[in-house]
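Participant: Input: one structure, supplied below.
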Amino acid sequence: KNWLCTDLSRSSKARGVDKQVYGGPVPVVEGEDYTMRLLVDHSIVEAFGQGGRTCVTSRVYPTTAIDGAARVFLFNNATDLSVTASVKMWKLDSAKIGPFKIDS
């Protein structure tokens, strides 16, 4: 059985914030590769397994992982052979907010 989880237990040194493990089973049809997409936007982490069959959204409160010190870890607790085919990361630009010209 495949699972997608976010483990917040070491996400912050702050007291009084949520540090639980959230997740659920990910249905993977025979012959499919397991796929996962993570979106990280400051303190929000969204995880999607198998194109959204399972989704987990978490809010983290990092106290020391600021800017260049922030990290994301992917790990596998499986007992069977598992291979990571690829990991791709992009840094997104800030949203452009301001006055916009409206065409008449």
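Participant: Within the stretch 42-56, identify whether any single residue is touching a residue at least 40 places away in the same chain (Cβ under 8 Å), outside any strand (DSSP E or B), of a type outside the set (Gly, Ala, Ser) and over 22 Å from Leu92 (Cα atoms), and answer yes or no.
Facilitator: no
Participant: Here's something else I'd like to know. Given the structure, is Ser12 of a type in the set (S, T, N, Q), part of a loop (DSSP other than H, G, I, E, B) and either surrounded by 11 or more Cβ atoms within 10 Å (Cβ to Cβ) or in contact with a helix residue (DSSP H, G or I) (Cβ under 7 Å, 6 or more places away or on another chain) (or both)?
Facilitator: When the stated conditions are applied, Ser12 passes them.
Participant: Report, by residue number, each residue of the stretch 24-41 that is touching a strand residue (DSSP E or B) at 6+ places or on another chain (Cβ under 6 Å) and free of Cβ contacts under 8 Å to residues at least 24 places away in the same chain.
Facilitator: Arg37, Leu39
Participant: A further question on this structure: Looking at the stretch 50-61, can you tell me whether even one residue there is surrounded by 10 or more Cβ atoms within 10 Å (Cβ to Cβ) and modelled with pLDDT under 85?
Facilitator: For the stretch 50-61, residues surrounded by 10 or more Cβ atoms within 10 Å (Cβ to Cβ) and modelled with pLDDT under 85: present.
Participant: A further question follows. Any residue in the stretch 32-48 that is surrounded by fewer than 13 Cβ atoms within 10 Å (Cβ to Cβ), among the aromatic types (Phe, Trp, Tyr) and closer than 18 Å to Cys5 by Cα?
Facilitator: Among the residues of the stretch 32-48, not one is surrounded by fewer than 13 Cβ atoms within 10 Å (Cβ to Cβ), among the aromatic types (Phe, Trp, Tyr) and closer than 18 Å to Cys5 by Cα, which makes the answer no.
Participant: Looking at (1) surrounded by 14 or more Cβ atoms within 10 Å (Cβ to Cβ); (2) within 17 Å of the chain's Cα centre (by Cα); (3) assigned to a loop (DSSP other than H, G, I, E, B), which is the one condition that is false for Leu74?
Facilitator: Exception for Leu74: condition (1).
The values are calculated or read from the model by the stated rules, or taken from the named source; none is laboratory data. The structure displayed is predicted, hence computed values, not measured ones. Note that we place each Cβ from the backbone using ideal geometry, even for glycine, and neighbour counts take in every protein chain shown.
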